[in-house]
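Taking it in order: structure first as structure tokens, then the write-up.
The values are calculated or read from the model by the stated rules, or taken from the named source; none is laboratory data. Since the model is a prediction, treat every value here as computed from it, not as a measurement. Here Cβ is always computed from backbone atoms with ideal geometry, including for glycine, and neighbour counts include all displayed protein chains. Remember, those area values only see protein heavy atoms, side chains included, never the ligands or the DNA or RNA. Shrake-Rupley method; radii C 1.70, N 1.55, O 1.52, S 1.80 Å.
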Amino acid sequence: MKYTTRRAVGLGLTGLTALAAFAIVGMLALILLDVANHGARHLSWAFLTEPPSDGMMGGGIFPAIFGTAALTLLMTVAVMPVGVFTAVYLHEYAPPDSRFARWVRVAVVNLAGVPSIVFGLFGLGFFILFVGGNLDRLLGYEQMHWAQPGILWAALTLAVLTLPVVIVSTEEALRAVPLEQRTASLALGATQSQTLARVVLPGALPGILTGAVLAISRGAGEVAPILFTGAAYFLPDLPTALDSQFMHLGYHTYVMATQSPNVTEASGPLYATVLVLLALTFALNLVAVIIRTRTRRKAASAH
């Protein structure tokens, strides 16, 4: 009787978890099908390669595609070194009873819960007004040069937003490296830094790249942080310098959905823009996943 009850409970839990997983996959499939159904018919080569025109009701979205890709790459370049170095210090060098390390972990947890719009205000106040204003004074600019919205400040703001993701995933990756490998390296006479560089980090690299994938997924679709730090309403030119403003697919979607004089007429290009944003995010994630997979294979063959 007890065996039958345990079996029934186990089957019930299995069914519930499978139903939850199916519901998640089903919702994602419905969203993708709806976007693809309404957006695919409006896609064309001109839509993907031309700048917008006629108040963004005509032309294409190439500046927004370029701006989104450039912003995401700059964000990744900015956040990965800082996140990885912070995680390495917390896990490898900080004493177990370090009060400073505890404060850093508390700060990371709290940072992960801050609304994204607050990061935008932080980027405006710190990066643009404080850092940019001081740079202009130090470099002798008579007019505002760095103390204005630009792609560099937007990328750094998104880097701060995604920093907790990179730190947590890197710490988990470092924690997953077997202790025997560290001990064996130290027993052979390697220093802690040599063990870290030649044993620990190569073993944790797939997990670190997982953090990069998560950061790209989070940062590519964020709109609120870049409202104040660099995104432009209408800018047919591509960003050519770090202080240039840029168009962004997410912000472009928001503007078309809320500011278009004819929402019905704009629904086609709106869905097509969302479809391109999803495709670009998936493509950036795919590149990171391929790099992670190849890294895992190389690590497995080395062992």
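Any idea which residue in region 180-214 is nearest to Arg292 (Cα to Cα), counting only those that are outside any helix (DSSP H, G or I) and open to solvent by 40 Å² or more (accessible area, probe 1.4 Å)? Reasoning before the result, please.
Residues of region 180-214 outside any helix (DSSP H, G or I): 188-191.
The next check asks that each one be open to solvent by 40 Å² or more (accessible area, probe 1.4 Å); those that pass are 188-189, 191.
Values: Leu188: 29, Gly189: 30, Thr191: 27 Å.
Selected residue: Thr191.
Which residue pairs have Cβ atoms closer than 9 Å, lie 6 or more positions apart in sequence or on different chains, and pair a first residue in region 274-295 that is charged (D, E, K, R) with a second residue that is at pLDDT 85 or above and open to solvent by 60 Å² or more (accessible area, probe 1.4 Å)?
Arg292/Leu205
What tally of residues in region 239-258 results from selecting those that are open to solvent by 70 Å² or more (accessible area, probe 1.4 Å) and touching a helix residue (DSSP H, G or I) at 6+ places or on another chain (Cβ under 9 Å)? I'd like the intermediate steps shown before the answer.
Restricting attention to region 239-258, the residues satisfying the condition of being open to solvent by 70 Å² or more (accessible area, probe 1.4 Å) are 240, 242, 245, 254, 258.
Restricting the remaining residues to those that are touching a helix residue (DSSP H, G or I) at 6+ places or on another chain (Cβ under 9 Å) gives 242, 245.
Number satisfying all stated conditions: 2.
The conditions are (1) under 24 Å from the mean Cα position of the chain (by Cα); (2) surrounded by 18 or more Cβ atoms within 10 Å (Cβ to Cβ); (3) assigned to a helix (DSSP H, G or I); (4) not basic (Lys, Arg), and Ser217 fails exactly one of them. Which is it?
(2)
Can you pull out every residue in region 1-30 that is open to solvent by 100 Å² or more (accessible area, probe 1.4 Å) and at pLDDT 85 or above?
Leu13, Leu16, Leu19, Phe22, Ile24, Met27, Leu30
Please enumerate the residues belonging to region 259-277 that are assigned to a loop (DSSP other than H, G, I, E, B) and surrounded by fewer than 16 Cβ atoms within 10 Å (Cβ to Cβ).
Hits for region 259-277 are Pro261, Asn262.
Of all residues in region 22-58, how many are touching a residue at least 60 places away in the same chain (Cβ under 8 Å), touching a strand residue (DSSP E or B) at 6+ places or on another chain (Cβ under 9 Å) and outside any helix (DSSP H, G or I)?
3
Would it be correct to say that Gly230 is more than 30 Å from Val177 (Cβ to Cβ) and buried (at least 21 other Cβ atoms within 10 Å of the Cβ)?
So Gly230 fits the description; yes.
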